[in-house]
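What follows is one structure encoded as structure tokens, with my remarks underneath.
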Amino acid sequence: MVKILFMILFTTILFGDIFDENCLKCHQNKKELRLFMNKYTLKYSSERRVKKALFRFLKYPSSNKSIMPYSFIIKSGFKDDSNLSDTQLKEAIDIYYNRYNLRHFIR
């Protein structure tokens with residue numbers, strides 16, 4: 001167990017976390033990331049519901065799952081379906097939520 005934890009810690013330090021490696025390649029604008037979180041929080045309220053909605057959208061993006069205005073979708077388009085495993089995607093969403101949730105900025 002200690003070896004596994006050490007390897008995870010070492011990999012994270014060496015290569016960054018799953019959010020940095022997979023999401024920040026395209027979403028480098030922190031204002032945009034805050035905007036997404038604000039919209040999800042306003043619509044879904046609770047942490048559990050926000051994360052569930054993000055997972056549903058990121059797993060199989062489509063216009064009927066998007067909370068962004070139609071004009072944003074036309075301008076930016078959709079990402080491809082996530083190629084992360086469910087566990088990896090949930091981990092990336094956890095990191096995103098912890099970095100950008102509204103409580104983080106109210107302090």
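Pairing residues of region 47-60 that are closer than 18 Å to residue 88 by Cβ with residues that are among the charged types (D, E, K, R) and surrounded by 13 or more Cβ atoms within 10 Å (Cβ to Cβ), at Cβ distances under 7 Å and at least 6 apart in sequence or on separate chains, gives 55/90; 56/65; 57/65. Taken over region 24-43, the criterion of being modelled with pLDDT of 90 or more and either surrounded by 14 or more Cβ atoms within 10 Å (Cβ to Cβ) or of a type in the set (S, T, N, Q) (or both) is satisfied by 33, 34, 35, 36, 37, 38, 39, 40, 41. Those helices (runs of 4 or more DSSP H) of region 57-107 in which 1 or more residues are in contact with a strand residue (DSSP E or B) (Cβ under 8 Å, 6 or more places away or on another chain) and among the aliphatic types (A, V, I, L, M) are absent.
Please go through region 1-22 and pick out each residue that is surrounded by 10 or more Cβ atoms within 10 Å (Cβ to Cβ) and modelled with pLDDT under 90.
Step one: filter region 1-22 for residues surrounded by 10 or more Cβ atoms within 10 Å (Cβ to Cβ), giving 6-12, 15-22.
Answer for region 1-22, where residues must be surrounded by 10 or more Cβ atoms within 10 Å (Cβ to Cβ) and modelled with pLDDT under 90: 6, 7, 8, 9, 10, 11, 12, 15, 16.
Residue pairs whose Cβ atoms lie under 9 Å apart, separated by 6 or more positions or on different chains, with the first residue in region 13-42 and under 17 Å from residue 69 (Cα atoms) and the second of a type in the set (Gly, Ala, Ser), are 40/53.
The values are calculated or read from the model by the stated rules, or taken from the named source; none is laboratory data. Given the structure is predicted, the values throughout are model-derived calculations rather than measurements. Reconstructed Cβ throughout: ideal geometry from the backbone, glycine too, with neighbour counts over all protein chains shown.
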